[in-house]
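The values are calculated or read from the model by the stated rules, or taken from the named source; none is laboratory data. The shown structure was predicted, so the numbers you read here are calculated from the model rather than taken from an experiment. Backbone-built Cβ (ideal geometry, glycine too); neighbour counts: all protein chains shown. In case anyone asks, the SASA skips ligands and DNA or RNA and just uses the protein heavy atoms, side chains included. Shrake-Rupley method; radii C 1.70, N 1.55, O 1.52, S 1.80 Å.
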Amino acid sequence: MASKVATTGMWVTDECKKSFMEMKWIRYIVFKIGEKSRMVTVDKVGGSSKSYDDLTALLPIDDCRYAVFDFDFVTVDKCLKSKLFFVARLVVFLLL
């Protein structure tokens with residue numbers, strides 16, 4: 001089952017929503033959009049032991065991908081914090 005995003009005509013699969021809700025246990029999710037289906041699907045999921053370098057290494061050079069990355073850090077007060085970053089890997093083709 002998929003939910004439609006009203007303003008763009010895109011469809012988001014239930015797997016996307018479920019994966020996002022499980023971000024406490026995973027490091028990143030890579031999404032892709034089907035060209036013809038206009039459906040957002042989960043392409044890859046990285047476990048909690050994965051790093052940002054692991055994420056960037058698996059992004060294709062010749063295709064667009066979107067990702068959510070859970071970044072853990074320690075503040076100057078030695079408090080463990082976490083922030084979500086949204087990453088867009090866009091490919092631009094120049095027609096000459």
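Here are the numbers:
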item: Among residues of the range 34-49, those that are of a type in the set (D, E, K, R) and open to solvent by less than 70 Å² (accessible area, probe 1.4 Å), counted; result: 1
item: Counted residues, the range 9-35 - those being assigned to a loop (DSSP other than H, G, I, E, B) and under 19 Å from VAL91 (Cβ atoms); result: 2
item: Output for the range 1-33, where each listed residue is aliphatic (A, V, I, L, M), surrounded by 15 or more Cβ atoms within 10 Å (Cβ to Cβ) and either at pLDDT below 90 or over 14 Å from the mean Cα position of the chain (by Cα) (or both); result: ALA2, MET10, VAL12, MET23, ILE33
item: From the options VAL92, VAL76, residue that is of a type in the set (A, V, I, L, M), assigned to a loop (DSSP other than H, G, I, E, B), modelled with pLDDT of 85 or more and open to solvent by 40 Å² or more (accessible area, probe 1.4 Å); result: VAL76
item: Test result for SER19, over 24 Å from GLY9 (Cα atoms) and in contact (Cβ under 8 Å) with a residue 12 or more places away in the chain; result: no
